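Asks: Here it is, the structure, as structure tokens.
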Amino acid sequence: MTVVQSPLDTGFGPYTTAAEVAQGVDLSGQTAIVTGGASNIGRETVRVLAAAGADVIVPARDTNAARLFSPSGLHPRPSCAPSYPRRG
């Protein structure tokens, strides 16, 4: 089976930044969950979503590593304690 891909004509390309995509977007009152948000491309995603006004949740297995990540102007909420799934 052959799948033919065609451009979406969004105006965005391979060198478009996350900030360019989010330009003019107001995410106030919205919540975003970014898995992998404490490292690499996830950090940029968190930064741009927060800059657009979103409340961003970054789940992490390693809470110490997650605490080390705090992009400029973003601070963890003191009321957000780590939670663990119940087993059994």
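The values are calculated or read from the model by the stated rules, or taken from the named source; none is laboratory data. What you are looking at is a predicted structure, and each value in this text was computed from that prediction instead of being measured. Note that we place each Cβ from the backbone using ideal geometry, even for glycine, and neighbour counts take in every protein chain shown.
Asks: Filter the range 1-43 for residues that are under 17 Å from the mean Cα position of the chain (by Cα) and among the hydroxyl-bearing types (S, T, Y); which is modelled with the lowest pLDDT?
Replies: The residue in question is S39.
Asks: Could you please find all residues in the range 19-41 being buried (at least 16 other Cβ atoms within 10 Å of the Cβ) and outside any loop (DSSP other than H, G, I, E, B)?
Replies: Within the range 19-41, A22, A32 qualify.
Asks: A follow-up question, please. State all residues of the range 44-73 that are under 19 Å from Q23 (Cβ atoms), modelled with pLDDT under 85 and not small (G, A, S); if no residue qualifies, say none.
Replies: The answer is P71, and nothing else.
Asks: Tell me, which residue of the range 1-18 that is of a type in the set (S, T, N, Q) and loosely packed, with under 10 Cβ neighbours inside 10 Å is farthest from A50 (Cα to Cα)?
Replies: Out of the qualifying residues, it is T2.
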